[in-house]
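J.: Just passing along the structure, written as structure tokens.
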Amino acid sequence: MTELSDGLVRLEGIDFRTAYEIGSALARGLVARGAGMSALPGAEIAAAFLAAVGRPPALDLLELERLASVENFIAVRNRIGGPRKV
């Protein structure tokens with residue numbers, strides 16, 4: 001969720017507090033369903049974004065899903081000391 005929030009700040013131009021609120025709402029929904037991040041569809045991210053920001057995200061649903069993926073979290077931290085081998 002942290003990288004999803006960071007990505008929304010970078011790519012959608014929203015403040016981090018709002019992005020964090022979106023991530024928190026999504027996390028609560030996943031916990032309530034007993035689901036993991038891989039069960040988070042782009043449409044659910046877009047709906048949470050719309051509710052928090054008052055406009056739909058500029059990013060498409062696939063890009064929103066990519067932002068929330070474990071693979072993206074690791075890829076953006078591809079540096080010495082990060083979780084990915086260099």
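The values are calculated or read from the model by the stated rules, or taken from the named source; none is laboratory data. This is a predicted model, so every value here is computed, not measured. Virtual Cβ from ideal backbone geometry, glycine too; neighbours counted across all protein chains shown. We work out accessible area using only protein heavy atoms, side chains counted, and drop any ligands, DNA or RNA first. Shrake-Rupley method; radii C 1.70, N 1.55, O 1.52, S 1.80 Å.
J.: Only residues that are surrounded by 12 or more Cβ atoms within 10 Å (Cβ to Cβ) and either assigned to a helix (DSSP H, G or I) or in contact with a strand residue (DSSP E or B) (Cβ under 7 Å, 6 or more places away or on another chain) (or both): list them for the stretch 62-72, please.
T.: Listed by number, the residues that qualify are E63, L64, E65, R66, L67, V70, N72.
J.: Considering only residues that are open to solvent by 50 Å² or more (accessible area, probe 1.4 Å) and either touching a Pro at 6+ places or on another chain (Cβ under 7 Å) or not basic (K, R) (or both), look in the stretch 26-38 and name the one that is farthest from N72 (Cα to Cα).
T.: If we take residues in the stretch 26-38 being open to solvent by 50 Å² or more (accessible area, probe 1.4 Å) and either touching a Pro at 6+ places or on another chain (Cβ under 7 Å) or not basic (K, R) (or both), then A32 is farthest from N72 (Cα to Cα).
J.: Can you spot a residue in the stretch 55-67 that is closer than 12 Å to T2 by Cα and in contact with a helix residue (DSSP H, G or I) (Cβ under 8 Å, 6 or more places away or on another chain)?
T.: Scanning the stretch 55-67, I find at least one residue that is closer than 12 Å to T2 by Cα and in contact with a helix residue (DSSP H, G or I) (Cβ under 8 Å, 6 or more places away or on another chain), so the answer is yes.
J.: In this structure, is L59 buried (at least 18 other Cβ atoms within 10 Å of the Cβ), within 12 Å of the chain's Cα centre (by Cα) and not in a helix (DSSP H, G or I)?
T.: Yes.
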